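Enquirer: Just passing along the structure, written as structure tokens.
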Amino acid sequence: MVKRFFLGWIAVYAFNSSTGYLIHHVILGKTYERLMPVLHSEDIKSKIWAFIVSGLTGSFFFTLIYSSWKKRGSIGEGIRYGFFISIWMGMNMALNTYASTDLVPLSLAMQWLVFTIVQYTIAGCLLAFVFNYKVKFSH
């Protein structure tokens, strides 16, 4: 179980990191460029460590809670888990960021929510696969 936990943790971290790049740099990159004068200074690259720490701890706890929550570990269960967590975390992040500043438009906050739902629903499915994958050895 420990091996599956660590494999799941690394898989979720890698998946979220790569899809996070796709979402925030490729898909939403132009939106962020338009908002750059008010959202971020040029020193954001010096704070990349915070994204790494957040990604590692987030994927760790996402995996930890799944490993305790799952019953059968089916793909459907993983999808439900990812969906529930995504609504909880995504709604809080998107609406709190929108409400705490006039710098983030509601349309961007809703895009974050939609992308979070898709990302974490797939991540839950990935965890179910990792925890249920049957290794077959032939002699």
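The values are calculated or read from the model by the stated rules, or taken from the named source; none is laboratory data. Bear in mind that the values here come from a model prediction, so they are computed numbers and not experimental data. Note that we place each Cβ from the backbone using ideal geometry, even for glycine, and neighbour counts take in every protein chain shown.
Enquirer: For Ala99, all conditions in the list (1) assigned to a helix (DSSP H, G or I); (2) at pLDDT below 90; (3) hydrophobic (A, V, I, L, M, F, W, C); (4) over 25 Å from Cys125 (Cα atoms) hold save one; what is the number of the exception?
Expert: Failing condition for Ala99: (2).
Enquirer: Kindly indicate whether Leu7 is in contact (Cβ under 8 Å) with a residue 60 or more places away in the chain and either among the aliphatic types (A, V, I, L, M) or not in a helix (DSSP H, G or I) (or both). Please lay out each step first, then the result.
Expert: Numbers: in contact (Cβ under 8 Å) with a residue 60 or more places away in the chain: yes; either among the aliphatic types (A, V, I, L, M) or not in a helix (DSSP H, G or I) (or both): yes.
The answer is yes for Leu7.
Enquirer: Being part of a helix (DSSP H, G or I) and at pLDDT 90 or above: is that true of Ser46 here?
Expert: Taking the combined requirement at face value, the residue does not satisfy it.
Enquirer: A follow-up question, please. Restricting the search to segment 1-20, which residues are within 11 Å of the chain's Cα centre (by Cα) and exposed (fewer than 13 other Cβ atoms within 10 Å of the Cβ)?
Expert: Looking only at segment 1-20, we keep the residues that are within 11 Å of the chain's Cα centre (by Cα), and these are 12-20.
Across segment 1-20, the qualifying residue is only Ser18.
Enquirer: Looking at segment 10-28 only, could you name the residues that are in a helix (DSSP H, G or I), closer than 19 Å to Ala109 by Cα and either touching a residue at least 24 places away in the same chain (Cβ under 8 Å) or of a type in the set (Lys, Arg) (or both)?
Expert: Within segment 10-28, the subset in a helix (DSSP H, G or I) is 10-27.
Those still in the list that are closer than 19 Å to Ala109 by Cα too: 16, 19-27.
Matches in segment 10-28: Asn16, Thr19, Gly20, Ile23, Ile27.
Enquirer: Here is a check on your reading of the model: is Gly78 closer than 20 Å to Cys125 by Cβ, assigned to a helix (DSSP H, G or I), of a type outside the set (Ser, Thr, Tyr) and touching a Cys at 6+ places or on another chain (Cβ under 9 Å)? If you could, list the steps in order and put the result at the bottom.
Expert: On the way: closer than 20 Å to Cys125 by Cβ: yes; assigned to a helix (DSSP H, G or I): yes; of a type outside the set (Ser, Thr, Tyr): yes; touching a Cys at 6+ places or on another chain (Cβ under 9 Å): yes.
Spelling it out, Gly78 is indeed closer than 20 Å to Cys125 by Cβ, assigned to a helix (DSSP H, G or I), of a type outside the set (Ser, Thr, Tyr) and touching a Cys at 6+ places or on another chain (Cβ under 9 Å).
Enquirer: Please give the number of the condition Phe115 fails out of (1) at pLDDT below 95; (2) surrounded by 19 or more Cβ atoms within 10 Å (Cβ to Cβ).
Expert: That leaves (1) as the condition not met.
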